[in-house]
Amino acid sequence: MNNDELRTWRDLKTAERQAQQQRLRLAEAKKQLTLAQQQAKTKARHPDAAKYRLGADDVHHGFVYEDAEARAWLRDIPLVHYMTLLESMGAREDEPVAKVELAAVRTHYDTFTRLGQQLMLAREIERYEERHRSFLAWVAENPSRQTWRAHTPKLRQLYLIERTAAALEIDHPVGLNCGEAYDWLAKHGANVRLRLAQSQKGTTTQQHDADTAVDLFGDEEDDG
């Protein structure tokens, strides 16, 4: 092989190595792109992703962390009451809805917050009871799949046991497996925190809420 042939051979080998390196870099780039797309889809499917994305707009318009309950109640009321309330704020027709909502929350902050706390509590109770019903249905439908009872208790169970024991002012059990933790919670009426909070509202609070609604929206029966 003469010098020209040797040089050509070397150039060819160099080109082949460069092409191989380029193929490897391209394959890695495609791998990273696929991974990023999968992660993006996973995040988009996660319930928290929607919460963060929707909440960002509220923050943009001036809402703060402490407004959460008040804003939740405002957006849960019937449309007729919502319109009455916003009209009472004396807003211009060209004002953004979010700005008027913020003004309403600031004006009626204490009342909206208290009503919102009750709303959030009711939602939490509903979610908890739905999860419990779903679990009981699964146990009933799968009598042969009871190995879960021997597992280590879930962090959620341990947390709920701690809060239940504190609420009832009793000793905190230790050394329970998953099934024993479930039995203990069922025996002590968990979720006690939610039930106590609900019972403490009482009819007095319900009547006060009714009076508050009349103050905010007027007596519709008298209007008729």
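The values are calculated or read from the model by the stated rules, or taken from the named source; none is laboratory data. What you see is a predicted model, and the numbers here were worked out from it, not measured in a lab. Every residue, glycine among them, receives a Cβ derived from its backbone with ideal geometry; neighbour counts consider all protein chains shown. To get the accessible areas, we keep the full protein, side chains included, count just its heavy atoms, and leave off ligands, DNA and RNA. Shrake-Rupley method; radii C 1.70, N 1.55, O 1.52, S 1.80 Å.
Some observations on this one:
- Using Cβ point charges alone (K and R +1, D and E -1), the dipole size of the stretch 86-175 about the Cα centre works out to roughly 520 debye.
- Between ARG23 and GLU141, the contour length at 0.36 nm per residue exceeds the Cα-Cα span by 37.2 nm.
- The stretch 69-188, accessible surface, carbon-and-sulfur percent (1.4 angstrom probe): 55
- For the stretch 44-202, the spread of Cα positions along the three principal axes, ordered from largest to smallest, is 63, 38, 25 Å.
- Packing, taken as the mean count of other beta carbons within 10 Å per residue, orders the peptides 70-81, 150-161 from highest to lowest as 70-81, 150-161.
- If you take all other residues with their beta carbon under 12 Å from the beta carbon of ARG106, and give Lys and Arg +1 and Asp and Glu -1, the sum is -2.
- Computed from the Cβ-Cβ distance with R0 of 41 Å, the FRET efficiency linking GLU93 to ARG163 stands at 0.25.
- Protection proxy ranking, highest mean first, for peptides 180-188, 136-144, 112-120: 112-120, 180-188, 136-144, where packing is the per-residue count of other beta-carbon atoms within 10 Å, averaged.
- Averaged over its residues, the stretch 4-136 has an accessible area of 76 Å² per residue, based on protein heavy atoms and a 1.4 Å probe.
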